[in-house]
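What follows is a set of notes on a single structure, which appears directly below.
Bear in mind these aren't lab numbers, they're just calculated from the coordinates by the rules spelled out. Because the structure is a prediction, the values reported are computed rather than measured. Quick reminder, even Gly has a Cβ in these numbers, built from the backbone with ideal geometry, and neighbours come from all protein chains shown.
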Amino acid sequence: MGLSQARLNEGIDHVAAQEPKVAAALDRVGYPEPRIRETGYKTLLRTIVGQQVSVAAATSMWNKLEAELGEDFTPACLLGRDFDTLRACGLSRQKQGYARSLCELVTAGAVDFDALPADDEEAIAELTQIKGIGRWSAEIYLLFAEGRGDMWPAGDLAVQEGLRRILDLSERPSEKETRALAEGWSPHRGAMAIFTWHAYANPAL
C-alpha cells in the first residue's frame, strides 16, 4: 500500500525540521491526505486508460471496461476481447496496444507486481518495459501503490511548481534542478512529493 498518514506526516516533519521554508509552508497549508492505490496491474492499466484525457473521460472509459469485463477482470479477459469491443469502451488503437502489452507481460510472468526489485531504479526499469509506461507512471505506481518512500517524480510539472511555491523560488525549477534541490531530503522524498502536490493545489501559497 502507499504511504500511510503517519508515514506521510513523519517524512514531512523530518524535512521541515531541516528546511525552515518547508516548515513555514506546512504551517500555512497543513498535511496532505495520503494517496494510496492498490498494487497490481490494474493500477497501471488505469494509468494507461487515463492518459491524455480528462478525469471524467477516463472514469467513463474505466466504467465501460469494467461493465464489459467485470470488476475483477484478469489480464486474460482483456486479451480475449477484440478491437471493436475495446474501442466501444473508449480505448483508442494506441491505448489498446499499451493495454495488451501490459496484460501480455503479466500473463507471461515477465512482470510480477508481487516481486518487483527492491532497488527503486531497477523497479522503474522493469515497469518501463511496458509500452505506454514511462518513468513518471512508474514512479507514481511505486509511490502510491507500494509506498516506496523515496520516490521523487522530478519531471512532474505540479511537483516543480509546488516546490517553487514552498521554497519561494523566482521561477519553476527544471527537472534537473528539482532533483538537485531534493537530494538532501532522502529517504523522505516520497512524502515531500505528495506535499508539493498539496502545496500546488492550495491557494494559501
Size of the dipole of the chain about the Cα centre, Lys and Arg at +1 and Asp and Glu at -1 on the beta carbon, nothing else charged, in debye to 20?
700 debye
Towards the positive end of the charge dipole of the chain, with charges on Cβ (+1 Lys, Arg; -1 Asp, Glu), say which of A6, A154, V111 has the farthest Cα.
A154
Cα-centred dipole magnitude for the range 129-205, charges only on beta-carbon of K, R (+1) and D, E (-1), debye, nearest 20
140 debye
Work out, in µm²/s and without decimals, the Stokes-Einstein translational diffusion coefficient of the chain at 25 °C, 0.890 mPa s, Rh from Kirkwood over C-alpha pairs.
135 µm²/s
What percent do you get for the relative contact order of the chain when only Cα pairs under 8 Å and 6+ apart count?
29 percent
Find, among the GluC sites (Glu not before Pro) in the range 101-205, those assigned to loop by DSSP (not H, G, I, E, B) with at most 13 other beta-carbon atoms within 10 angstrom.
E171
Put in order of increasing Cβ neighbours within 10 Å, starting from the fewest, M151, M61, M1 give M1, M61, M151
So the number of lysine pairs in the chain with alpha-carbon atoms under 23 angstrom apart, 8 or more residues apart or on different chains, is 7
Electrostatic dipole magnitude of the range 41-144 [Cβ: Lys, Arg +1; Asp, Glu -1; Cα centre; debye, to 20]:
640 debye
As a test of the formula, what do you get for the chain when each DSSP H run with n ≥ 4 contributes -39,500 (n - 2.57) and the sum is divided by the residue count, at 222 nm and rounded to the nearest 500 deg cm²/dmol?
-17500 deg cm²/dmol
Sticking to Cα atoms, compute the Rg of the range 41-144 to one decimal and its Dmax as the biggest Cα-Cα distance, whole number, in Å.
13.4, 40
